[in-house]
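Only one structure is covered here, and it is reproduced in the block below.
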Amino acid sequence: EIHIKEPIEKEVNPYLLPGELLLCEASTVYKYIQEDGSHRGTYGKLVCTNFKIAFLEDDSASDDNEPQFKNKIVGENDITLQCVDQIYGVYDEKKKLLTGQLRKYPEKLSNDCKDLRVFNFCLRYTKEEEVKRIVSGIVHHSQTPKLLKRLFLFSYASAAPNNTDGRNQTVMFDTLEDWRGELERTKGNVKYKAVTTNEGYRVSEKLPSYFVVPICVSEESILKYEGRGIPIWCWSCHNGAALLKMSAFPKEQDDSTSQMQKAFLDGIYKTISKPPYELLKTDDLTSSLPSLQDIQTAYTKFKQLFLIDNSTDFWATDVKWFSLLESTNWLEIIRRVLKKAIEVAECLERQHTNVLLIEESATDLCCVISSLVQVMMDSYSRTKSGFQSLIQKEWVIGGHGFLDRCNHLHKSGKEEAPVFLLLLNCVWQLVQQYPPAFEFTETYLTVLSDSLYVPIFSTFFFNSQHQKDINMSGESLKTQSGPFSFLTVWDWSVQFDPKAQAFLNNPLYAEKPKLDKSQRKTARFK
């Protein structure tokens, strides 16, 4: 049947983005779904570019069955190289993980994606030369360690016309004005100030150029330990209590150093525990929440439950579904994180206490807890632009190491942990429980998590603002020199047309009424 098939007249070619190059391709590849031993599927061409792996169907049906919700950058048969999790080869019905050099080429490829999709390709009818090229191409480009500058982000930035202005209502927090505006919005400007001490990263490369500290903290203190031991402001509650975070001093130090650091901390605590500041409660998240290693292990187990590519395995897991889900521990971690956020919210609201979150670098669990507290307590953070500004403030500018945590460069993976996904998962739980309180939908959260792996936006591809800044200056093809202009993920028009963007907004959103002072006193905390 295969050989008699009439050759197809029209050549299917992949749609390429600016800066995207076709690296290898193979025709007569069969993309299939396994069901009870039988295979359903379609023939087509499998291509690999410096941005994605794509399957192009030979006889793609007419455009009548176009999905309503369609991504302009990544089609449903596309996998960005960043999104590839594991690639397996099937040799005589046995699955084997593919890495590095291959001696023997498989007859089938099974591709697990980080967004939990699974693709199966059968290469039995493909020419041997093409099989070698496509398999080694895909394995090489999606699995081997990369240099940062080799990411597609840079090819795209130097080739794409930079005409989009992604400012759209999202506060980017890369200027002093943005921080002052946020202080004013939350009425925190009486006791806290935005500082320029780190301009040019002279204090620390981990900290952003601008951030906010208590007014009584001096510039010398900030400079003393490269910003460690300094309470950095996240948000102020309407009653004046504030949420702060601090990167802790390393544990293993000699006595004299740790005594100096302890004295330094005592001095800081003293100044911010007396009026006009509220009482201070410190919370060391490294001891009160699961470690990043625990989070990574739980998520890896959780993920395996979904990466199923045949119905036999599906029914086998279906019987024990709830106990399997429970044993991954992922939901337990979500519960603990939400519980911690509620504790912090109660301290701020009920007990009028400042809360200081402490973590080694204050860029992982601190980001999760401070974001959740703001989502729970500040109705602005539940609007779309407010939530985006919150992610900018706490995560992107706050210095969460997206590059390492998402393992975008395929290094050893020791640093990998789905911390941002954990936040989105917790927010999803809140969206389920209080649907009208959020201006965005679960589709929005899903699309946001998928965007972690689309390397045309700079938002999730750097470890810090400093790392982004030093890599901004580059040779752009258009202007010969000058800085790269990167897109921000918050410009949703890059990925979706207006009709599809409508799915990101919640039609049932009910804005919270503003209480006046007299009602606020009596309103019970809940």
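The values are calculated or read from the model by the stated rules, or taken from the named source; none is laboratory data. All of these numbers come straight from a predicted model, not from anything done at the bench. We place every Cβ from the backbone using ideal geometry, glycine too, and count neighbours over all the protein chains shown. Note: areas computed on protein heavy atoms with side chains; ligands, DNA, RNA excluded. Shrake-Rupley method; radii C 1.70, N 1.55, O 1.52, S 1.80 Å.
Quick rundown of the values:
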read-out: Filtered residue count, the range 15-42, keeping only those that are crowded, with 19+ Cβ neighbours inside 10 Å and of a type in the set (Phe, Trp, Tyr); value: 1
read-out: Residues within the range 126-155 that are part of a helix (DSSP H, G or I), basic (Lys, Arg) and either modelled with pLDDT under 95 or not assigned by the TED database to the domain that holds THR99 (or both), tallied; value: 2
read-out: Condition check for ILE87: open to solvent by less than 10 Å² (accessible area, probe 1.4 Å) and at pLDDT 95 or above; value: yes
read-out: Counted residues, the range 156-174 - those being among the polar types (S, T, N, Q), open to solvent by 10 Å² or more (accessible area, probe 1.4 Å) and either in contact with a Ser or Thr (Cβ under 6 Å, 6 or more places away or on another chain) or modelled with pLDDT of 95 or more (or both); value: 3
read-out: Some residue of the range 290-303 being in contact with a strand residue (DSSP E or B) (Cβ under 7 Å, 6 or more places away or on another chain) and touching a residue at least 12 places away in the same chain (Cβ under 8 Å); value: no
read-out: Subset of the range 85-109 [under 13 Å from ILE53 (Cβ atoms) and within 25 Å of the chain's Cα centre (by Cα)]; value: ASP85, ILE87
read-out: Residues within the range 305-327 that are farther than 23 Å from GLY41 by Cβ and open to solvent by 100 Å² or more (accessible area, probe 1.4 Å), tallied; value: 4
read-out: Strands (runs of 3 or more DSSP E) contained entirely in the range 27-122, each with at least 3 residues that are in contact with an Asp or Glu (Cβ under 8 Å, 6 or more places away or on another chain); value: 38-49, 52-57, 84-91, 108-113, 118-122
read-out: In the range 264-304, residue surrounded by the fewest Cβ atoms within 10 Å (Cβ to Cβ) [restricted to those that are of a type in the set (Ser, Thr, Tyr) and closer than 21 Å to CYS216 by Cα]; value: SER273
read-out: Single residue of the range 467-490 satisfying the filter (modelled with pLDDT of 60 or more and of a type in the set (A, V, I, L, M)) that is farthest from LEU452 (Cα to Cα); value: ILE470
read-out: Residue ID - surrounded by the fewest Cβ atoms within 10 Å (Cβ to Cβ), chosen from residues in the range 331-356 that are farther than 26 Å from GLY229 by Cβ and without any contact (Cβ under 8 Å) to a residue 40 or more places away in the chain; value: LYS339
read-out: Yes/no for ARG202 being more than 21 Å from SER371 (Cβ to Cβ) and touching a strand residue (DSSP E or B) at 6+ places or on another chain (Cβ under 6 Å); value: no
